[in-house]
């Protein structure tokens, strides 16, 4: 059950990162959205933001101001986002290594 939930969350995160636009961008800026560096930066920012949210939730729980379910949810979302980012990193490294093995 948790594996399918993790896979669903990872897919949703990847989809939202791929479709994410910054304020002020319009639909005609397709060239900017396809920039891999910007997408990667956005993904890292999203993971960091999830981590901050989880950290805030844990702090509020320690102060008695948060619900345990909210904290567990925030930590699980952060874990899935981080696992997705690590999997993406591993795939990029694998692709780079494969390119290096190609004969010239």
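Filter segment 57-72 down to the residues that are surrounded by 12 or more Cβ atoms within 10 Å (Cβ to Cβ), assigned to a helix (DSSP H, G or I) and free of Cβ contacts under 8 Å to residues at least 12 places away in the same chain and list them by number. Once the filter is applied, which keeps residues that are surrounded by 12 or more Cβ atoms within 10 Å (Cβ to Cβ), assigned to a helix (DSSP H, G or I) and free of Cβ contacts under 8 Å to residues at least 12 places away in the same chain, segment 57-72 yields 59, 60, 61, 72. Going through segment 78-96 one residue at a time, which ones are at pLDDT 90 or above, more than 9 Å from the chain's Cα centre (by Cα) and surrounded by 15 or more Cβ atoms within 10 Å (Cβ to Cβ)? 79, the sole residue that qualifies.
Which residues, counting only those in segment 30-47, are at pLDDT below 80 and either on the phi > 0 side of the Ramachandran plot or in contact with a helix residue (DSSP H, G or I) (Cβ under 8 Å, 6 or more places away or on another chain) (or both)? Give the steps one after another, and end with the answer.
Let us first name the residues in segment 30-47 that are at pLDDT below 80, namely 30-34, 36.
Result: 32, 33.
The values are calculated or read from the model by the stated rules, or taken from the named source; none is laboratory data. These figures come from a predicted structure and were not determined experimentally. Every residue, glycine among them, receives a Cβ derived from its backbone with ideal geometry; neighbour counts consider all protein chains shown.
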